[in-house]
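**Student:** Structure below; questions to follow.
What follows draws every value from the coordinates through simple rules; no lab data is involved. Note that the coordinates shown come from a computational prediction; the quantities given were computed from them, not determined experimentally. When we count neighbours, we look across all protein chains shown, and the Cβ atoms used for this are built from the backbone with ideal geometry, even at glycine.
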Amino acid sequence: MSTPRLNPVVVIPARLHATRLPGKPLADIEGEPMIVHVWRRAMKAGIGPVVVACAEQEIADAVTAHGGTAVLTRPDHPSGSDRVWEALEKVDPERQFGAVVNVQGDLPTLDPDVVRAVFQPLENPQVDLATLVAEIRVEEERTNPNVVKAVVGFDAGQRVGRALYFTRATAPWGEGPHYHHIGLYAYRREALQRFVALPQGVLERREKLEQLRALENGMRIDAALVDTVPLGVDTPADLDRARETIRAGL
């Protein structure tokens with residue numbers, strides 16, 4: 001793996017405001033805030049230092065109290081990518097880190113192997129940013145607009161492929177697998193800098209999918225195929241599932 005050459009850093013954007021589960025980064029899971037569980041699992045990936053990009057002081061205090069590194073960012077960022085970029089510029093003004101892995105702050109049961117997997121496609125110098133997909137195995141998810149589909153063609157045995165499109169529709173047409181997009185990203189530093197400076201794209205606004213901005217502007221996204229979709233915590237029921245999973249030691 002070309003980790004030393006790219007010298008990656010992992011950044012976890014986190015903010016307290018959430019419509020369905022307010023204050024969720026600080027939600028208690030087995031005696032620790034959720035954001036601390038995410039930070040710890042990102043650390044176990046071992047690909048580089050981990051920084052939590054916080055919109056509020058309370059999150060920063062929780063992270064540092066458990067030995068983590070946190071940086072305060074503007075609370076009004078329109079997206080996690082913008083928050084990650086601000087944090088990266090603050091912690092690394094000398095530009096020592098050549099790549100950044102953006103891990104969502106609501107994945108407390110995240111497998112560290114998944115963090116390593118999202119970084120792998122950047123080994124190809126033609127790839128601007130990388131992401132993850134998993135094959136859809138639940139039939140209703142194929143037509144559920146809340147399950148974002150990635151259009152990627154994997155040959156037999158292939159684990160990394162070029163992402164041609166992302167959509168809430170069922171695509172592509174015809175016999176064969178569909179892929180659930182998982183919203184973890186790894187960026188080359190210059191690609192993230194370019195991305196956050198771009199205006200919203202036409203298709204991005206239509207599909208409400210930020211990653212389409214990159215495709216609409218000619219950036220290359222490759223996707224790594226993983227076996228399962230990480231549990232994202234968006235609702236009280238999700239939080240209960242996460243607590244059960246961690247309590248079971250998984």
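**Student:** Tell me the mean residue ellipticity at 222 nm calculated for the chain from its helices only (DSSP H runs of n ≥ 4, each -39500 (n - 2.57), averaged over every residue, nearest 500).
**Tutor:** -8500 deg cm²/dmol
**Student:** I'd like the distance separating the alpha-carbon centroids of segment 32-73 and segment 110-181, in whole Å.
**Tutor:** 27
**Student:** Once the Cα gyration tensor of the chain is found, what semi-axes does its equivalent ellipsoid get, as square roots of 5 times the eigenvalues, in whole Å, sorted largest first?
**Tutor:** 26, 22, 18
**Student:** Right, next: Please compute the modelled spin-label separation between His66 and Glu30, points set 7 Å along Cα→Cβ, answer in nm with one decimal.
**Tutor:** About 1.1 nm separates the two model spin labels.
**Student:** May I ask you to derive the FRET efficiency for Arg205 and Asn144 from their Cβ-Cβ distance with R0 = 22 Å, giving the value to the nearest 0.05?
**Tutor:** 0.60
**Student:** Moving on to the next point. Between Ile246 and Arg162, 0.36 nm times their residue separation minus their Cα-Cα distance comes to what?
**Tutor:** Extending this stretch completely gives an extra 26.9 nm.
**Student:** On a straight-distance basis, which lysines could pair with Lys149 in a cross-link, Cα separation under 22 angstrom, same-chain partners fewer than 8 positions away excluded?
**Tutor:** Straight-line reach from Lys149, under 22 Å: Lys208.
**Student:** Oh, and also: Looking only at segment 207-247, which residues have a backbone nitrogen under 20 Å from a spot 7 Å from the Cα of Arg20 in the C-beta direction?
**Tutor:** Those under the cut-off are 207-211, 228-246.
**Student:** Give the residues of segment 209-226 whose amide nitrogen is closer than 15 Å to a point set 7 Å from the Cα of Ala171 in the direction of its Cβ.
**Tutor:** 209-218, 221
**Student:** So, one more: Pull up the cross-link candidates among the aspartates and glutamates for Lys44, meaning alpha carbon to alpha carbon under 18 Å and not fewer than 8 places away within one chain.
**Tutor:** Once the sequence-local aspartates and glutamates are set aside, what remains near Lys44 is Glu32, Asp106, Asp111, Asp113.
**Student:** Exposed loop trypsin sites (Lys or Arg not before Pro) only (DSSP loop, at most 15 other Cβ atoms within 10 Å): please give the longest stretch of the chain free of them, not including the sites.
**Tutor:** 21-94
**Student:** Moving on to the next point. Where in segment 128-187 are there chymotrypsin sites (Phe, Trp or Tyr not before Pro) that are in a DSSP coil and have at most 11 other Cβ atoms within 10 angstrom of their Cβ?
**Tutor:** For chymotrypsin sites (Phe, Trp or Tyr not before Pro) across segment 128-187 that sit outside H, G, I, E and B with at most 11 neighbouring Cβ atoms in 10 Å, the list reads Trp173.
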